[in-house]
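This report concerns only the one structure given below.
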Amino acid sequence: MPSSRPLIKAFRIHLANPTLDDLRSRIRATRWPDPAPDAAWRQGTDLGYLRGLLAYWADQFDWRARERELNALDHSRVALDGVWIHFVHERAHHGAGIPLILTHGWPSTFLEYLPLVPLLTDPAAHGIDGPAFDLVIPSLPGYAFSQRPARPGMNYRHVADLWHRLMVSLGYERYGAGGGDFGAGVASFMAIDRPDSVTGIHLSNLELAPYIGPGSRRLSAAERAYLKASEAWWEMEGGYKALQSTKPQTLGYALNDSPAGLASWVIEKWRSWTDSDGDPEARVGRDFLATMLTILWATGTITSSMRDYFDNRWHAVRLGPTDRVSVPTAIASFTHQFVFEGDPPREWAERLYDVRSWTPMPRGGHFAPVEDPMLLARDVAAFFATLS
């Protein structure tokens, strides 16, 4: 760790008017493809839905109102690894809060975790029986207002090291960590690499596969069923990962140049991965989606965000038979995705984690913090209450 603490500067979100004007102009000039000769969504993002979303995005969505709401929070940027990393830091309303860093994944942003801020910084005011938290919600390198170092190798473990340095720079020598998707992988490596600093981790889905090679115990029937369901999901849904883990730059030219292309690529995943019943806006709302898309567009970070797939494939850390998360772990199993990916059984998670809490959730999918923040907040608070 560097001898001096990283530089931290206050940050305020402001998108310039010419940026917003250019976005609206590009949306209105979209060159639309023919509709797919199949049922809606069968071959990808539905043309009728996307036309409606983009019309709203260009002509009705009030970015300035969303900007004011976002700036009511405490935003900062920290200089780490030669780049600026954005984060939200909201402290407990009463007394000393439990330090907790929460990390999003792809295709998402820090926005996903903001619904947890009032619930966890002031749980009593929202009927949650549990401790209050000091929340740190960073943007992954290359997402939104965080820059990404101009070199390959920004894998889970590297980001985990950056996040540890961030927490120490904020005065937190010991802290909890949590997240979903890539964020779950980052939190896991924070625990693997720094068990003396991480008090516990809370995951809303499983990102890392445990070691199941020679010497590991035989797979249970439930584990085999889960892996079969997951394999079928990847066969139908995994094209995006194959491309983003091999040629993210090629795809990036299109998505960075066309708001329609960006929205199509991202929103199709939100429809499939949320508990949406086929309606992309059922769990998160149109304004949330438009806010996320505006940030990704204005910051030009869709290409750099996709590099996570490349770096975590070609610069991966392979877990071996002795790798284990020894710190207490809670897993809130949100598996009610519209396109079902399978239910991981507890014994699958216990191959890698010291599972102290396992909660199968009655609803909610991949983006749990914004889909059902109360369910997730209650589980987070209940888990960390057992560790304090």
Determine, at each q value in 0.29 (inverse angstroms), the log₁₀ of I(q)/I(0) that the Debye formula gives when each Cα of segment 104-169 is one equal point scatterer. -1.27
How many nm separate the modelled label positions at Ala96 and Ala40, each set 7 Å beyond the Cα in the direction of the Cβ? 5.4 nm
For a quick check of understanding: with a 1.4 angstrom probe and all protein chains in place, what accessible area in square angstrom does Lys269 have, to the nearest ten? 10 Å²
Full extension from Glu347 to Asn256: what is 0.36 nm times the residue separation minus their Cα-Cα distance, to one decimal in nm? 28.6 nm
Which number comes out as Rg/Rh for segment 212-341 once both Rg and the Kirkwood Rh are worked out on C-alpha atoms? 1.02
Heavy atoms of Phe11 accessible to a 1.4 Å probe, total area in Å² rounded to 10: 50 Å²
Per the C-alpha gyration tensor (a ≥ b ≥ c, the square roots of its eigenvalues), segment 186-225 is rounded if a/c is under 1.5, else prolate if a/b beats b/c, else oblate; here it's prolate
Going Cα to Cα from Lys241, which aspartates and glutamates come in below 17 Å? Please leave out same-chain ones fewer than 8 positions away. Asp181, Glu207, Glu231, Glu268, Asp308, Asp311, Glu341
Helical mean residue ellipticity (222 nm; -39500 (n - 2.57) per DSSP H run of 4+; nearest 500) of the chain: -12500 deg cm²/dmol
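In segment 18-84, which trypsin sites (Lys or Arg not before Pro) fall in coil by DSSP and have 14 or fewer other Cβ atoms within 10 Å? Don't jump to the answer; show the numbers that get you there.
Working: sites: Arg24, Arg26, Arg28, Arg31, Arg42, Arg51, Arg64, Arg66, Arg68, Arg77; in loops: Arg31, Arg42.
Sparse-neighbourhood loop trypsin sites (Lys or Arg not before Pro): Arg31, Arg42.
Once neighbouring chains are kept in place and the probe is 1.4 Å, which whole percent of the accessible area of the chain is contributed by carbon and sulfur?
Working: 8150 of 16280 Å².
Solvent-exposed carbon and sulfur of the chain make up 50 percent of the total.
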Restricting to the chain, what percent of DSSP beta bridges are antiparallel, rounded to 5? 35 percent
Per residue, how much accessible area does the chain show when a 1.4 Å probe rolls over the protein heavy atoms, in square angstrom? 42 Å²
In sequence order, what are the phi-derived ³J(HN,Hα) couplings for segment 260-275 according to the Karplus relation 6.51 cos²θ - 1.76 cosθ + 1.60 with θ = phi - 60°, rounded to whole Hz, with x for glycine and proline? 5, x, 4, 4, 4, 5, 7, 5, 4, 6, 5, 5, 6, 9, 9, 7
Which lysines, on any chain, are close to Lys247 with Cα under 23 Å apart, when same-chain ones fewer than 8 places away are left out? Lys269
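The values are calculated or read from the model by the stated rules, or taken from the named source; none is laboratory data. Values in this document were obtained by computation on a predicted structure and should not be read as measured data. Because the Cβ atoms are built from the backbone with ideal geometry, glycine has one as well, and the counts that use them run over all protein chains shown. To get the accessible areas, we keep the full protein, side chains included, count just its heavy atoms, and leave off ligands, DNA and RNA. Shrake-Rupley method; radii C 1.70, N 1.55, O 1.52, S 1.80 Å.
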